[in-house]
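Asks: Submitted below is the structure of interest, expressed as structure tokens.
A short reminder: the numbers here are calculations on the coordinates, not readings from a lab. Given the structure is predicted, the values throughout are model-derived calculations rather than measurements. Neighbour counts run over all protein chains shown; Cβ positions are idealised from the backbone, glycine included.
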Amino acid sequence: MAQKAIREYDAKSILAKHWDKYFPNFTYAYETVLVQNGSELKEAATEKAWLNEKTLVAKPDMLFGKRGKNGLVLFRDAKPGDVKLDKAASWIDEKSSSKQEVFFAFEGDTPTGNASVDYLTHFIVEPFTPHEQAEEYYISATVVGDDDVLYMSAEGGMEVEENWDKVTEVSFKITESEDEIAAKIKANVPADVAEKDKAAFAEFAIGFFKAYRELNFAYLEINPFVMQGSKIELLDMVAKLDDTAGFLMAEAWGDVEYPTAFGMEEKSPEVLAIEEADSKTGASLKLTLLKPDARIWTMVAGGGASVVYADTIADLAGIEDLANYGEYSGGPTTGETKFYAETLLDLMTREKDAQGREKILIIGGAIANFTDVAATFTGIIQAFENYAEKMKNVGVKIYVRRGGPNYEKGLKDIKEAADRLGLWIDVYGPETHVTDIVRMAVEA
Amino acid sequence: MAQLFTKDTQAIFWNNNASAIQRMLDYDYTIKRATPSVAAIVAPTADSKFQKFFWGPDEIMVPLYKNTAEAKAAHPNADVLLNFASLRTAYDVTTEALEIGGFRVIMITAEGIPERLARKMNQAARDAGVIVIGPATVGGISPGAFKIANVGGTIENIVNSKLHRSGSCGLVTRSGGLFNELSNIIAINADGIAEGVAIGGDRFVGSVFIDNLLRMQDNPDVKYMILLGEVGGTEEYKVIEAVKSGQITKPIIAWCIGTIAKHYSSGVQFGHAGASANAERETAEAKNKAMAEAGIYVPETFNDLPAKIAEVYGKLKAEGVIGEIAEPEMNTVPKVRRSKQFICTISDDRGDEATYAGFPISSVALPSTGKGIGDVVSLLWFKKQYPKWATDFIETVIKTVADHGPAVSGAHNAKVTARAGKSVVEALVTGLLTIGPRFGGAIDGAAEHFKYADDNGLTPAEFLNHMKKLGIPIPGIGHRIKSLKNPDLRVKGLMDYAAECFPATPLLDYARTVEALTTSKKENLILNVDGTIGILMVDMWRALGYSEEEINEFISSGTLNAFFIVGRSIGFIGHILDEKRLAMPMYRHPMDDILYDVKMAEKI
């Protein structure tokens, strides 16, 4: 996926790093730390004096919003704005010690939908900034269709979705020049921005939108930012990067991480191993575990084909039977294919089916453009050789369908190998419809 | 043009992806194209000028260029760019091609071009009226006319999937892998495709479904269309609008893959980067439903797609919209081919009569043809038919350099060897071996240095200074006895001929200004015969339309010396035959003509 969410802390760090380029007439103190527990915060305070000197705000920095409504923003001890370092540290330790419920959607102040439950592991701590409501603003930018769109509002800190009428929306063609963009922003400063602040707001918005574009953000939101003369505070930020631009931005972004969303299961070691292998090859190796105790496993070549197999399994067998989603493509080597196949075979032969049925392995694929089918199948055969006993223990039926360069040899080889190893197999070529083996497997 | 590609379409292939190019050429051969679909290859790091590829059982050479501009200049009719650059350079290659202009279609294979760059590139192409296929695509095909790179896979699969000749379906998919599969399904259940494009899997692609379908609507070969969409994005809705508004009237069969995505709230990326539903209407289900409601043929599931195709095709056939398609004759690409060890581009002895650059020998050799040795040289050395003034000049040069007496080193060597009892060829070779920088090399040297001075706009004084710095006397200047007052008649003859017959002599004119300066210093520093020949050769090639680069290559490859070698061989052979006739004994150099200065070797 090209667009990846980053932490608020990283978003602020990227803007701070390029602050003088985009906001030369504004100042931003960049007083912010990212910590995982209270002692890390205290450790940070030995270097950052403001953590001792100022009162603080602490909140989780784990890609989800609505932290206030979830009761996860610490800004008061006895009264608003009196949180000292010790309190922030103990609060962080308390919130990270047990799993927390987080709701992603609210109606008014009432949560809707199911809560995600997980540990809070990362917190952002910043100075408490006293300011007037009138000094808070909203700004964000993203791509809609083919255009960039800039959203601005004089009302900061609000629920944007609920106050859409207060947001000014300006869209820009990719071809528009700096001057055209600046003129358009100046002409569209929200009417609610006080007359005396309009010029400064426009200047900030122009810098913001330029940073969004030049730093290859896919989404960038500050809600709210506080503008006090030339002094800016970034109270809350959400950002996604276009990670395909990573090779251009290594220097500009610095050390940025792409965390897993809160409440998502941690990736299994097998998935991480496939990701690792994927990053080292020009081919593509992808694996997502959906339901590891399910009956039907897929090893499908090609991004498009992998989707139609998953679609067809969901249609014909039902979603509860689908164990994994994934694909290998782009001409992986025999060794890479063997590794991929062994990872799947290992996962699917750990437990027998709970209902005592045979498991099904779909080795599917469309008619390849250039991948050598025999070469990749050699990798799968090598994996069979290592896992044949386990496969027989669990009971696995293999259905193969593939076409493309050298497919006759590939199909013949895999059939012979399975027969030799005593594995149940059915083999089909391009004369059989690509997903028809799913029907055969389900109807059998 | 309603057709994306025709049987005359030619492409420039950016990046020497030999296996993909070979697949295109195998396809060309199979469908009996007259010209290869790849006119040129841009290979920035290649040193060679051609790459060999198989053309059926034979081989052809496809020219290599360092950059797109050179390739395009040499092949202006190639209006398709197949951009196989990596994701890091694909944007630059496309942008440069748009600036160069003259490309109708640009196909980009790289996956994961930064989104902002992809958007800029796609918009610039749209503004320029250029069709972009991709990024992140395997390409497209007009069966029986032109196939991009790896589309269709192996030649066996292409024929099985009826991609070797035009059918009646217009196919548009996002996925490249499924494009092939769909072609196969359509071949089994209908009569194949007339045109097909895989638009690419990235979020931002150049031409989208609607662009391709509208073109197919106008293409009379396309009788119905198949659209294979994906979860994510709203491009399918543009198609729905076009159907509703009557812009598209041909039947469409469509399916969006990724119906499974609805079962997973988030975090699972099914398929391509472009395939991620951000809203309900972007789900595969919603799109399939909306398309069905608009009157597009939508099957129940992907597994039912073949039956739906058979149904629509059968209906159109029954209505007479689709007729029978004649199966064309095909060439068969041999299974086993061997790459040739040697290449010959100048002559051919395989026919009834051997040819020189395409001309039967008798057509240039017999007196009645009026052709001379200059014509033969122009055919065999330059693969061109030079005009008479140029072939006459070449002959004049050969005649002029044929001999310069027995004392020069080459003739002397030849004579000594002949007197040692060796054969004509052995004696000739010893003579030829002296030809080089000091003997005969002044022709090359004069051409090289005078051309350099002229190209760089050096005044005669600056040129003299330049040569002084290099520490070499100016080649082609100076004679043992001749001077302005006592001119070398060979030189005068050549200059008179050039003045009369050459369209222009810019380098000679320049050389004369240099000569004016050198003779003012010493009167025998005239432009000598070697210098005149070298300089006039450059003028000849300029007048014949060669580029400065090509002329520089002639000089650096030693072509000018070759004229001297041919001419002087005549003289050497004369001296050798002379020795044989005279039956002169073995030569031994008189000892009194040798200074002996031998000292005892020191121990070190």
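Asks: Let me know the shape class of region A:353-444, please: from the alpha-carbon gyration tensor, a ≥ b ≥ c as square roots of the eigenvalues, rounded when a/c is under 1.5, otherwise prolate if a/b is greater than b/c, or oblate.
Replies: Working: a/c = 2.38, a/b = 1.33, b/c = 1.79.
Oblate, since a/c reaches 1.5 and b/c is not below a/b.
Asks: Once Rh is set to the Kirkwood radius over Cα pairs, what Stokes-Einstein translational diffusion coefficient, in µm²/s, holds for region B:282-417 at a temperature of 37 °C and a viscosity of 0.692 mPa s? Display every interim value, and only then the final one.
Replies: On the way: Rh = 23.3 Å.
Here the translational diffusion coefficient equals 141 µm²/s.
Asks: What list of ³J(HN,Hα) couplings, whole Hz, do you get for region B:496-505 from phi and the Karplus terms 6.51, -1.76, 1.60, once you set θ to phi - 60° and write x for glycine and proline?
Replies: For region B:496-505, the Karplus curve yields 5, 4, 4, 4, 7, 10, 6, x, 6, 9 Hz.
Asks: Okay, moving on. Less than 20 Å apart at the alpha-carbon level, and either on another chain or at least 8 residues along: which lysines does that give for A:Lys12?
Replies: Of all the lysines, those that pass the test against A:Lys12 - Cα under 20 Å, at least 8 places apart if same chain - are A:Lys4, A:Lys21, A:Lys48, A:Lys54, A:Lys59, A:Lys66, A:Lys210, A:Lys231, A:Lys240.
Asks: Still on this model: Between B:Ser520 and B:Glu550, take the C-beta separation as r, use R0 = 35 Å, and let me know the FRET efficiency to the nearest 0.05.
Replies: Working: r = 35 Å, r/R0 = 1.00.
Calculated value: 0.50.
Asks: Suppose every Lys and Arg Cβ carries +1 and every Asp and Glu Cβ carries -1, with no other charges. What dipole size does region A:235-305 come out with about its Cα centre, to the nearest 20 debye? Please list the in-between numbers first.
Replies: Working: 6 positive and 13 negative charges, 92 e Å.
Charge dipole of region A:235-305: 440 debye, to the nearest 20.
Asks: With just the Cα atoms defining each centre, how far is region A:81-137 from region B:436-461? Give it in Å.
Replies: Going from one Cα centre to the other spans 81 Å.
Asks: Taking 7 Å along the Cα-to-C-beta vector as the label spot, tell me the A:Glu266-B:Ala354 distance in nanometres, rounded to one decimal.
Replies: Result for the modelled spin labels: 8.0 nm.
Asks: Another question about this same structure. Between B:Asp8 and A:Lys48, how many nm apart are label points set 7 Å from Cα along the C-beta direction?
Replies: About 6.9 nm separates the two model spin labels.
Asks: Okay, next question. For the protein assembly as shown, give the magnitude of the charge dipole about the Cα centre (Cβ charges: +1 Lys/Arg, -1 Asp/Glu; no others), in debye to the nearest 20.
Replies: The dipole magnitude comes to about 3960 debye.
Asks: If the cut-off is 20 Å between C-alpha atoms, which aspartates and glutamates fall inside it for B:Lys388, apart from same-chain ones fewer than 8 positions away?
Replies: Counting by Cα, and skipping residues close in sequence, B:Lys388 has these aspartates and glutamates nearby: B:Asp375, B:Asp496, B:Glu500, B:Asp539.
Asks: Using alpha-carbon positions, what is the distance between the centroids of region B:375-413 and region B:193-235, in Å?
Replies: With region B:375-413 and region B:193-235 each reduced to a Cα centre, they are spaced 62 Å.
Asks: Here is a follow-up. What order do you get for A:Tyr340, A:Tyr428, A:Tyr325 when you list them from fewest to most C-beta neighbours inside 10 Å?
Replies: Numbers: A:Tyr340 27, A:Tyr428 18, A:Tyr325 23.
The fewest-first ordering by Cβ neighbours comes to A:Tyr428, A:Tyr325, A:Tyr340.
Asks: Take the Cα atoms of region A:269-443, build their convex hull, and give its volume per residue in Å³. Could you put the intermediate results ahead of the total?
Replies: On the way: hull volume 16.8 nm³, N = 175.
Per-residue hull volume (Cα only) is 96 Å³.
Asks: Kindly state, as a whole number, the per residue volume in cubic angstrom of the convex hull around the alpha carbon atoms of chain B. Show your work: numbers first, answer last.
Replies: Numbers: hull volume 163.1 nm³, N = 604.
Expressed per residue, the convex hull around the Cα atoms of chain B is 270 Å³.
Asks: What residues qualify as long-range amide H neighbours of B:Ile106, i.e. H under 5 Å apart, gap of 5 or more or another chain, H built at 1.01 Å from N?
Replies: B:Leu81, B:Ile131, B:Val132, B:Ile133
Asks: Assuming R0 = 22 Å, can you tell me the calculated FRET efficiency for the pair A:Leu248 and B:Lys66, based on Cβ-Cβ distance, to the nearest 0.05? Each step should come with its number before you reach the end.
Replies: Values: r = 25 Å, r/R0 = 1.12.
For R0 = 22 Å, the calculated efficiency reads 0.35.
Asks: Same structure again: Label A:Glu214 and B:Ile594 with points 7 Å out from Cα along Cα→Cβ: what is the distance between them in nm?
Replies: In this crude label model, A:Glu214 to B:Ile594 measures out at 8.0 nm.
Asks: Of the DSSP beta bridges with both residues in the protein assembly as shown, give the percent that are antiparallel, rounding to the nearest 5. If you can, show how the numbers build up before the last one.
Replies: Working: 68 of 124 bridges.
For the protein assembly as shown, the DSSP antiparallel bridge percentage is about 55.
Asks: What is the distance in Å between the Cα centres of region A:261-313 and region A:318-396?
Replies: That distance is 12 Å.
Asks: Putting +1 on Lys and Arg Cβ atoms and -1 on Asp and Glu Cβ atoms, find which of A:Ala283, A:Ser177, A:Thr32 reaches farthest to the positive end of the dipole of chain A.
Replies: Sorting the options by dipole projection puts first A:Ala283.
Asks: Hey, another quick one. Convert each backbone phi in region B:329-339 into a coupling constant with the Karplus relation 6.51 cos²θ - 1.76 cosθ + 1.60 (shift: θ = phi - 60°), then list the ³J(HN,Hα) values in order as whole Hz, x for Gly and Pro.
Replies: Once θ is set to phi - 60°, the couplings for region B:329-339 become 6, 10, 7, 10, 6, x, 6, 10, 9, 10, 6 Hz.
Asks: How much length is gained on full extension from B:Thr95 to B:Ala46, taking 0.36 nm per residue of separation minus their Cα-Cα distance? Mind dumping the intermediate values first?
Replies: Details: separation 49, 0.36 × 49 = 17.64 nm, distance 2.19 nm.
Once the chain is fully extended between B:Thr95 and B:Ala46, it gains 15.4 nm.
Asks: Take the Cα atoms of chain A, build their convex hull, and give its volume per residue in Å³. Walk me through the intermediate numbers first.
Replies: Working: hull volume 80.0 nm³, N = 444.
It comes to 180 Å³ per residue, whole-number rounded.
Asks: Give me, ordered by chain and number, the residues 5 or more places off A:Ala301 or on other chains with an amide H under 5 Å from its own placed amide H.
Replies: Close amide H contacts, sequence-distant or interchain: A:Tyr328, A:Gly364, A:Gly365, A:Ala366.
Asks: Please give the FRET efficiency for B:Met584 paired with B:Val336, using the beta carbon to beta carbon distance and R0 = 60 Å, rounded to the nearest 0.05.
Replies: Details: r = 60 Å, r/R0 = 1.00.
Here the calculated transfer efficiency is 0.50.
Asks: At 0.692 mPa s and 37 °C, plugging the Kirkwood radius over alpha-carbon pairs of region B:11-318 into Stokes-Einstein gives what diffusion coefficient in µm²/s?
Replies: Answer from the Stokes-Einstein relation: 166 µm²/s.
Asks: Per-residue HN-Hα couplings for region B:35-41, Karplus 6.51 cos²θ - 1.76 cosθ + 1.60 at θ = phi - 60°, whole Hz, x for Gly and Pro?
Replies: Per residue, the Karplus-derived 3J(HN,Hα) values read 10, x, 6, 9, 7, 7, 10 Hz.
Asks: Further question on the same structure: Shape verdict for the protein assembly as shown, please, from the Cα gyration tensor: rounded (a/c under 1.5), prolate (a/b greater than b/c) or oblate. Provide the component values of the computation, followed by the final result.
Replies: Values: a/c = 2.38, a/b = 1.69, b/c = 1.41.
Note, shape of the protein assembly as shown comes out prolate.
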